[in-house]
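> First, the structure itself, so that you have it in front of you.
The values are calculated or read from the model by the stated rules, or taken from the named source; none is laboratory data. Model, not experiment: these values are computed from the prediction. Backbone-built Cβ (ideal geometry, glycine too); neighbour counts: all protein chains shown. Each accessible area value is taken on the protein alone, full model and side chains, heavy atoms only, with ligands, DNA and RNA left out. Shrake-Rupley method; radii C 1.70, N 1.55, O 1.52, S 1.80 Å.
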Amino acid sequence: MTVKTGAEYLASLRDDREVWLHGERIADVTAAPGLARGAQTMAGFIDRQHQEDGQALLTYSEGGERHPMSFLLPRTPEDVRRRGAAYYEWARWSNGMFGRTPDYKNASVMAFAGAAEFLNEGRDGRGADFAANMRNYYEEARRNDLVLTHTLVNPQYNAERAKQGLSSPEVALQTVRETDAGVVVNGARLLATLGPLANDIEVFPSTLLKAAEENKPYAIAFTIPINTPGIRLICRDSYDHGKSTFDAPLSSRFEEMDAVVIFDNVLVPWERLFMHKDPLLCNRAFAETNAVVHMMHQVACGKLAKAEFIVGLLCAMARASGKDKDMNVKGQIAEAMWTAETVRALLFAAEQQPERDQWGLHIPQRRPLDTSRNLFPRLYPKLIETIHMLGSSSLMATPCAADFSGDIATDVQRYFELTNLGSQDRVALFRLAQDVAVSGFGNRQVLYERFFFGPQNVMASIYYDLYNKDEMMDRVTELLHRT
Ligand SMILES: Cc1cc2nc3c(=O)[nH]c(=O)nc-3n(C[C@H](O)[C@H](O)[C@H](O)COP(=O)(O)OP(=O)(O)OC[C@H]3O[C@@H](n4cnc5c(N)ncnc54)[C@H](O)[C@@H]3O)c2cc1C
């Protein structure tokens, strides 16, 4: 197998995984209310890679086989742009509302495989070849077109210890013993978006660990199938309440689900281990392999698709009521347009001059992408606020599909009309707006944008540290000393 079909993807999820939702163990995630339609949406996306127009954009050929574009090792600047075009296409299908498409984690697996030698800095007494493990995993993920999720963060337990870069043994994922077959891990990790609908989990460290002896059990990186004995996924409430696509245009389609992952004495085979007991190496991993840059690239493409969609929605809302003639309304929407255009410009800047990195791969420019990943979590809530301000009570004047054929059909046809839009189209539009900005689904999107890439203060602090400040400070010094 190289590029999966949607049907093969759905079949791969029927593997006796342990997923808990709404107080029950789910027998089959592809059939369970609250999860099934998200799985079907993902299957539909996967099938697009086989369509004639999709294939050239979304896949590449190597060794006589086709693979998803996100696995392409970018050997040239053009490869970076091909990867970007594929990311954008994936995101456009959901308009960025299904954030965790497989290309996100594929970008990380590709980058770690390309920079695999880095991992052998952490070779331990056993002589484990972590680089070979990573390259083999890349081949396996690519060959089987695996859908991955990831869990990077330990649950909160003791904020004081976290502040000192120490883990909390009560809850944090840790190695508890080693056997001939591998290491046994125990504990919990947050938060696997798409977890119930993924094949494997990438368990990597992202928290900044102090290089202390007591932190060694927490310094671990591996991938493992979701259906491994001892792995248990505990889902939040589903936002897919079984409504029609008219009534819930987004939550009926794009419920990607988030889950806390419990590891109950899970055996991780040695050949799936990529880092072990080396906290400092773990801290350097995403940056020095440039995995973070490739992931930021996928994210920026998705955010562009999402911002464009919100601009389209705001314009449609304003036109429907005739508010689009009002200078203040135009000004509000123009601010949303600036968000979309800022992301577009940053993406363009990043893709125009890719650099060759120390691993021989081409990477987009980090700074524009890092600017985008720091700005978007702050700008997305503002986009939603603009929907609130323009939509106001129209976001609540939203009878459901059944009302258009029931006893009150005459009322809803008459009283829900707008100057430029018939009643049913108006209700459809504003039901979409409320799913973006008011529903549980929409509010989870805001939380996602605020946090999924990490705490904002940590990302901003990294940005500050990497910024080339000296030249600018020199100019200040020069002016102060100018005679
Ligand atoms: C919808 C959603 C999806 C997610 N999906 C994934 C996923 O797929 N995989 C994954 O690994 N993670 C995922 N995450 C988790 C995400 O990585 C974390 O939420 C993020 O790193 C923040 O960590 P935390 O939630 O533990 O919050 P905290 O670390 O508790 O931070 C909460 C707030 O407190 C502030 N804060 C924390 N420490 C300090 C301090 N010392 N001083 C001052 N302020 C502080 C932070 O800035 C932040 O605003 C997801 C999160 C959300 C909300």
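> Over the residues of the range 6-287, compute the C-alpha Rg and express it relative to 2.2 N^0.38 Å. Can you show the working numbers first?
Details: Rg = 19.0 Å, N = 282, 2.2 N^0.38 = 18.8 Å.
That ratio works out to 1.01.
> Just to confirm a number: summing +1 for Lys and Arg and -1 for Asp and Glu over residues other than GLY99 whose beta-carbon lies under 14 angstrom from that of GLY99, what do you get? List each step's numbers first, then the result.
Numbers: positive: ARG92, ARG100, LYS105, ARG253, LYS303, LYS306, ARG373, ARG444, ARG450; negative: ASP103, GLU255, GLU256, ASP258, GLU449.
Charge balance near GLY99 sits at +4.
> Kindly identify the range 80-172 as rounded, prolate or oblate by the Cα gyration tensor criterion: order the square roots of the eigenvalues as a ≥ b ≥ c, call it rounded if a/c is under 1.5, otherwise compare a/b with b/c, prolate if a/b is larger, else oblate.
oblate
> May I ask you to evaluate 6.51 cos²θ - 1.76 cosθ + 1.60, the Karplus curve with θ = phi - 60°, for each residue of the range 426-441 and list the ³J(HN,Hα) values in order in whole Hz, giving x for glycine and proline?
Going residue by residue, I get 5, 5, 4, 5, 7, 5, 4, 4, 6, 6, 6, 10, 10, 5, x, 4 Hz, with x marking Gly and Pro.
> Separate question: Compare the peptides 137-149, 455-467, 176-188 by average per-residue count of other Cβ atoms within 10 angstrom and give them in order, highest first.
Numbers: 137-149: 20.1, 455-467: 12.4, 176-188: 15.8.
Top of the packing list down: 137-149, 176-188, 455-467.
> Okay, which of the range 325-359 sit inside 14 Å, backbone N to the point 7 Å along the Cα-Cβ direction of LEU375?
It comes to 335-351, nothing else.
> Roughly how many nanometres apart are two label points built 7 Å out from the Cα toward the Cβ at THR483 and ASN227?
Each label point lies 7 Å from its Cα, and together they span 8.0 nm.
> Could you work out how much longer the chain between GLU121 and ALA287 gets when fully extended? Use 0.36 nm per residue separation minus the Cα distance between them, nm to one decimal.
Value of the extension gain: 58.3 nm.
> Hey, can you grab everything whose amide H is under 5 Å from the amide H of ASP264? Only 5+ residues off in sequence or another chain; H modelled, so Pro and N-termini drop out.
Amide H to amide H, under 5 Å and 5 or more residues apart or across chains, ASP264 pairs with ILE231, ARG232.
> On full extension of the chain, what length is gained from ALA334 through MET473, given 0.36 nm per residue of separation minus the C-alpha to C-alpha distance?
Computed gain between ALA334 and MET473 is 46.7 nm.
> Using the Karplus equation 6.51 cos²θ - 1.76 cosθ + 1.60 (θ = phi - 60°), what ³J(HN,Hα) coupling, rounded to whole Hz, does each residue of the range 32-40 give in order, writing x for Gly and Pro?
With the stated coefficients, the range 32-40 comes to 6, x, x, 10, 4, 6, x, 4, 5 Hz.
> Just tell me which lysines come within less than 26 Å, Cα to Cα, of LYS330; anything on the same chain fewer than 8 places away is out.
Within the straight-line limit of under 26 Å, LYS330 reaches these lysines: LYS303, LYS306, LYS382.
> Once the whole set of protein chains is in place, how much accessible area is left on HIS150, using a 1.4 Å probe, in Å² to the nearest 10?
10
> Which percent, to the nearest 5, of DSSP beta bridges fully inside the chain are antiparallel? Each step should come with its number before you reach the end.
Values: 35 of 43 bridges.
If I count the DSSP bridges inside the chain, around 80 percent turn out antiparallel.
> Sort 426-432, 130-136, 16-22 for me by packing, meaning the mean count of neighbouring Cβ atoms within 10 Å per residue, highest on top.
Going by the mean number of other Cβ atoms within 10 Å, highest first, we get 426-432, 130-136, 16-22.
> For the range 6-287, what is the accessible area per residue in Å², given a 1.4 Å probe and the full set of protein chains?
In whole numbers, the range 6-287 has 38 Å² accessible per residue.
> Rounded to the nearest angstrom and ordered from largest down, what semi-axes does the equivalent ellipsoid of the chain get from its C-alpha gyration tensor (root of 5λ)? Intermediate results must be reported in sequence, preceding the final value.
Numbers: eigenvalues 296, 169, 98 Å².
Largest first, the chain gives 38, 29, 22 Å.
> Another one. Reachable aspartates and glutamates from LYS210, Cα under 17 Å, same-chain residues fewer than 8 places away excluded?
Answer for LYS210, where 17 Å is the Cα cut-off: GLU160, ASP278, listed by chain and number.
> With all protein chains present, how much of the accessible area of the chain (probe radius 1.4 Å) comes from carbon and sulfur, to the nearest whole percent?
Values: 10970 of 20930 Å².
Exposed carbon and sulfur together represent 52 percent of the surface.
> Between ARG48 and ASP326, what's the calculated FRET efficiency when r is the beta-carbon distance and R0 is 51 Å? Round to 0.05.
0.85
> In whole Å, how far is the Cα centre of the range 29-105 from that of the range 285-323?
16
> In terms of Cα to Cα distance under 15 Å, which aspartates and glutamates are near enough to LYS277, apart from those fewer than 8 places away along the same chain?
In chain and number order, the partners are GLU121, ASP124, ASP129, GLU178, GLU213, GLU214.
> Something else now. Report the gain in length on full extension from ALA159 to THR179: 0.36 nm times residue separation, minus Cα-Cα distance, nm rounded to one decimal.
Working: separation 20, 0.36 × 20 = 7.20 nm, distance 3.25 nm.
Computed gain between ALA159 and THR179 is 3.9 nm.
> Still on this structure, I have one more. Nearest 5 percent is fine: what portion of the DSSP beta bridges confined to the range 147-212 is antiparallel?
50
> Under the rule of -39500 (n - 2.57) per DSSP H run of 4 or more residues, summed and divided by the residues of the chain, what mean residue ellipticity at 222 nm is obtained, to the nearest 500 deg cm²/dmol?
Taken over the chain, the calculation gives -15000 deg cm²/dmol.
> Here's something else I'd like to know. Each residue of the range 131-138 in turn: what ³J(HN,Hα) in whole Hz from Karplus with 6.51, -1.76, 1.60 and θ = phi - 60°, glycine and Pro shown as x?
5, 5, 4, 5, 5, 5, 5, 3
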